[in-house]
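Participant: Can you read through this structure? Questions will come right after.
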Amino acid sequence: MSGTSMATPNVSGSLLLLQQHYNDLNGEYMLASTLRALALHTADEAGFAPGPDYRFGWGLLNTQRAAQLISQDSNESMIITETLDANDAYTYSFKADGTQDISATIAWTDPAAAPLPGGNEDVATPSLMNDLDLRISQDGGATFLPWILNAATPTAGATTGDNVLDNVEKIEINAPEPGEYIVRVSHKGQLLVNDTQVFSLVLEGISSEDFMVSTTNANVLTCPELQTATFDIDVTFDEGFDDTVELTIDAAPEGTVATIVPSSVTQTATAVLTIEGIDVLALGSYPIVITATGTSQTTNTYVSLEITDDIPVGLVELDSPSNNSQNRPIDGLELEWELASNATLGYEYEVALEDTFDTVVITGTTLELVTTLSGLSYDTEYFWRVRGVNECSSGTYDGFRRFVTEAELAANDNQIQSLMVYPNPANALVTIESPVSILERISVYSITGVLLLEKEVSANQATIDISGFTTGTYFVKATSKNASSVIQVLKN
């Protein structure tokens, strides 16, 4: 057998063997993004020109080479998994001796985008939600870009440039000059969907090193009002390495004071670089070099402090109560929403009597994703909205939701006397009966206050059908001319 009938089980089985090999050595399995990056990184060239192409993709799977790279991890190659936060960048500095080619591949599992409508195959518009960028820079020299393809000329060979289409990027540097290189992973824009993005990096062509220095805070975007900025610098010792590594910085931005703690490490650790007095800095970017010096190795790490007066805040998605909810309590009503990017100072919320928010009756700020309302009025229509805030900016309100509070039942003479609801619990038909009052309306609400059914009547007795409801608790409200009552009903 041959062709795709054998290619699929061959590749699937090979990838499972790679997962098993990685687990045998590391005690855990690779992320899907790591396995994808590894498979594409180690594939054999199969096209007519270097790089990927539309006919052969990234080439032919080379399971043996992928397994060898797993075995050599932390020696002359690296397999790295990191999390990139909004506005941040990841950097890793390494040395190349010029005898090996340098290659780096990143992959990430991009958040789901909205599906295209039918009949829109092969649309050229990019669909990435989080567009990460891979770059390799030679210290004081050139910057190398990943492979890209041009859909307008599908038979042409790959070139290099800014890849805005794929959630995998690869850079190859043939016959590199010996010296120091910096791998950088960043993202476009100032926001990330879900506020973070996990990525996997596979790197080859590095000289064997006793320790590595990296950071996910290579670019700190902040406001001068904060007074202080910090960078986490990760120093990772190779297994069996025993030395003292000194950490120093070239110079702090003029007018500020910089400290790094600890200033020396004897094992894998995270040092914190603190820049104080940033309120004296003008808007702009300030590069800083951190140098890690051991007995036989010196490694530089490059970070940037960016001072701005505008850090965009992500839009807030409202959760609960649902729009147009009815019969909500006047005390203890919780408003809930989702996390927004860059909302470092929390969230501002407003509750108003109209959707134009001209009459705001409740406002506040919280660091939580929920707030509790009390003191609302009975049988009143309200509108609410939320936005994120940070030290530089306030976000925009992205829509609003509406709810109506419960009606007041102040005294027994305002309730329907001798009201009966049966059977309760019920499977299908429920009878509501009052021997002394003419019922005018029957309403059924979910436990969250959503109106599910409403029936106009003019009799002492009415029947409703709840067979289509899911199992759970519901509230039946019976209304007469001068009174109303609410009874809890169980659907089984």
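Participant: From Cα pairs below 8 angstrom and at least 6 apart in sequence, can you work out the relative contact order of the chain, rounded to a whole percent? Please list the in-between numbers first.
Facilitator: Working: 1187 pairs, mean separation 53.3, N = 492.
Worked out over the chain, it gives 11 percent.
Participant: Then there is this: Show me 258-271, 170-183 ranked by packing, highest mean number of other Cβ atoms within 10 Å first.
Facilitator: Details: 258-271: 14.6, 170-183: 16.9.
Ranked by mean Cβ neighbours within 10 Å, highest first: 170-183, 258-271.
Participant: Sticking with this structure for a sec: Give me the number: length gained by fully extending E276 to L226, i.e. 0.36 nm times residue separation minus the C-alpha to C-alpha distance, one decimal in nm.
Facilitator: Values: separation 50, 0.36 × 50 = 18.00 nm, distance 0.93 nm.
Separation in residues times 0.36 nm, less the Cα-Cα distance, equals 17.1 nm.
Participant: Going 7 Å from the Cα of T8 along its beta-carbon direction, which residues of the range 164-179 have the amide nitrogen within less than 16 Å of the resulting point?
Facilitator: Counting backbone N atoms under 16 Å from the label point, the list is empty.
Participant: Label D355 and V257 with points 7 Å out from Cα along Cα→Cβ: what is the distance between them in nm?
Facilitator: My value for the distance between the label points is 5.6 nm.
Participant: Using 7 Å Cα-to-Cβ label points, what is the T155/A124 separation (nm, one decimal)?
Facilitator: If labels sit at T155 and A124, their model points lie 1.8 nm apart.
Participant: With a 10 Å radius around each residue's Cβ, average the other Cβ atoms per peptide and rank 41-50, 374-383, highest first. Show your work: numbers first, answer last.
Facilitator: Details: 41-50: 15.9, 374-383: 14.1.
Top of the packing list down: 41-50, 374-383.
Participant: In deg cm²/dmol and to the nearest 500, what is the mean residue ellipticity at 222 nm of the chain if only DSSP H runs of at least 4 residues count, each as -39500 (n - 2.57), divided by the residue total? Show your work: numbers first, answer last.
Facilitator: Working: 3 runs with 42 residues, N = 492.
Roughly -3000 deg cm²/dmol at 222 nm, from the helical runs in the chain.
Participant: Still on this structure, please answer the following. Where the centroid of each part is defined by its Cα atoms, how far is the range 420-492 from the range 243-308 in Å?
Facilitator: 68 Å
Participant: If neighbour count is taken as other Cβ atoms inside 10 Å, put T479, T99, T34, T291 in order from fewest to most.
Facilitator: Working: T479 20, T99 10, T34 23, T291 15.
Taking fewest neighbouring Cβ atoms as first place, the list is T99, T291, T479, T34.
Participant: So, one more: Output wanted: per-residue J couplings in Hz (rounded whole) for the range 363-379, from phi through Karplus 6.51 cos²θ - 1.76 cosθ + 1.60, θ = phi - 60°, x for Gly and Pro.
Facilitator: With the stated coefficients, the range 363-379 comes to 8, x, 10, 8, 8, 8, 9, 7, 9, 10, 9, 9, x, 6, 8, 5, 6 Hz.
Participant: List, in order, the whole-Hz ³J(HN,Hα) value for each residue of the range 216-221 obtained from phi through the Karplus relation with A = 6.51, B = -1.76, C = 1.60 and θ = phi - 60°; use x for Gly and Pro.
Facilitator: 9, 10, 5, 9, 9, 9
Participant: Want the number for E391 to L339: 0.36 nm per residue separation, take away the alpha-carbon distance, what's left? Don't skip to the answer; put the middle values down first.
Facilitator: Details: separation 52, 0.36 × 52 = 18.72 nm, distance 1.69 nm.
The span from E391 to L339 would gain 17.0 nm if fully extended.
Participant: Still on this model: When we measure straight from the Cα of K481, which lysines land under 21 angstrom away, once same-chain ones fewer than 8 places off are left out?
Facilitator: Partners within reach: K455.
Coordinate-derived values only; no laboratory data. These figures come from a predicted structure and were not determined experimentally. Note: ideal-geometry Cβ built from the backbone for every residue, glycine included; neighbour counts use all protein chains shown.
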